[in-house]
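The values are calculated or read from the model by the stated rules, or taken from the named source; none is laboratory data. Please read all numbers here as calculations on a predicted model, not as lab measurements. Heads up, the Cβs are rebuilt from the backbone with ideal geometry, glycines too, and the neighbour counts pull from every protein chain shown. These accessible areas exclude ligands, DNA and RNA; they are computed on the full protein's heavy atoms, side chains included. Shrake-Rupley method; radii C 1.70, N 1.55, O 1.52, S 1.80 Å.
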Amino acid sequence: MRVISLGSGSSGNALLIEAGPNGRTRLLVDAGLPCRTLINRLHLAGVSPAQILAVLLTHEHNDHTLALPTLLKRYDPLVISDPATLATLADNSRQESHATTGSQTGTEQSLSLCLREKRPARLPGEHGACGKRMTTLLPLRRTLALPAGNSCLLGDIEIFSFPVPHDAAAPCGYLLSAGGCRVCVVVDSGSVTPIMLEAMRQADLLVLEANHDRERLLRGPYTYALKMRILSPTGHLSNEQAAQAILQTWRTNGLRWIWLAHLSQVNNTPQLALRSVQRHLVEAGAALQQVHLATLPRTMGPAWDSTRLWHDEYWWCYETLTER
Ligand SMILES: [Zn+2]
Ligand SMILES: [Zn+2]
């Protein structure tokens, strides 16, 4: 598997996942960047957007879905998420399109089919804890409703989706398996549940939110209401919560890689997040040489290539791709 962060943080998130011979199965987990930026970064990774088989959505907030309308219009990838997330996106689209046509489309009919067998959509809050509006006007032609807690096989990648607590319709994380390697993605989650820990424990590469430093958030410029929303059990994970989750899923059988993700630009810094997590791990007596810990930048981030883990001198590959 090859995993490349195309952008991470409150301003936009997207991960490229490749697996199979010549990386033939290519997925995005979230597409929350401006579409032109996303496409430029895909090209930097050597991938054409037309090669993206599917976009897996963790939830509907704008910093995870921004590029979706243009991507769908131009390249028509499959969109995979919990049915309630798909319904929320379709509802937004429907409200917009009613203003012009008022007619039901095939898209709406196919989404209705998904919804009949799944749990009903919860109404999201005024908007998500990412502080963003939700993406609208989605031409959702090809969708795969994957209720959280279920798995499916897409090309060379097995996808397991699990629920996470966040103030969206049906937020989820993903455990992706291919070629004997597993990658777990948990972003935008206010707390950590047993099913999340079980998925994280299996990961060779764990992409885990470390959104804020609690003290910095409390002292910072956000309104009281926003601070409380971020700190709530359906808000965002702090550095300390991320460290506790890492400790609870500690593995003694070999190396693992951990990318701290979705860092707030206001309430965190890469140095603060790294230092905080390392301090908690050391205080708990964890052997730091067993983990490769890094923070994901807002821009193009590192690449993790499992096919090189067993060949390189240090058993791992860690490249940073620079943006032109
Ligand atoms: Zn977010
Ligand atoms: Zn969110």
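Things to note:
- At R0 = 30 Å, FRET efficiency that the Cβ-Cβ distance of LEU218 and THR193 yields, to 0.05: 0.75
- Per residue, region 254-313 exposes 46 Å² of solvent-accessible protein surface, assessed with a 1.4 angstrom probe and all protein chains in place.
- Taking θ as phi - 60° and the Karplus parameters 6.51, -1.76 and 1.60, the scalar couplings of region 243-252 work out to 4, 4, 5, 5, 5, 5, 10, 4, 10, 9 Hz in sequence order, x denoting glycine and proline.
- Trypsin sites (Lys or Arg not before Pro) restricted to DSSP loop in region 2-59 with at most 11 other C-beta within 10 Å: none
- Report note on the peptides 202-210, 300-308, 233-241, 283-291: ranked by the mean count of other C-beta atoms within 10 Å, highest first, their order is 202-210, 233-241, 300-308, 283-291.
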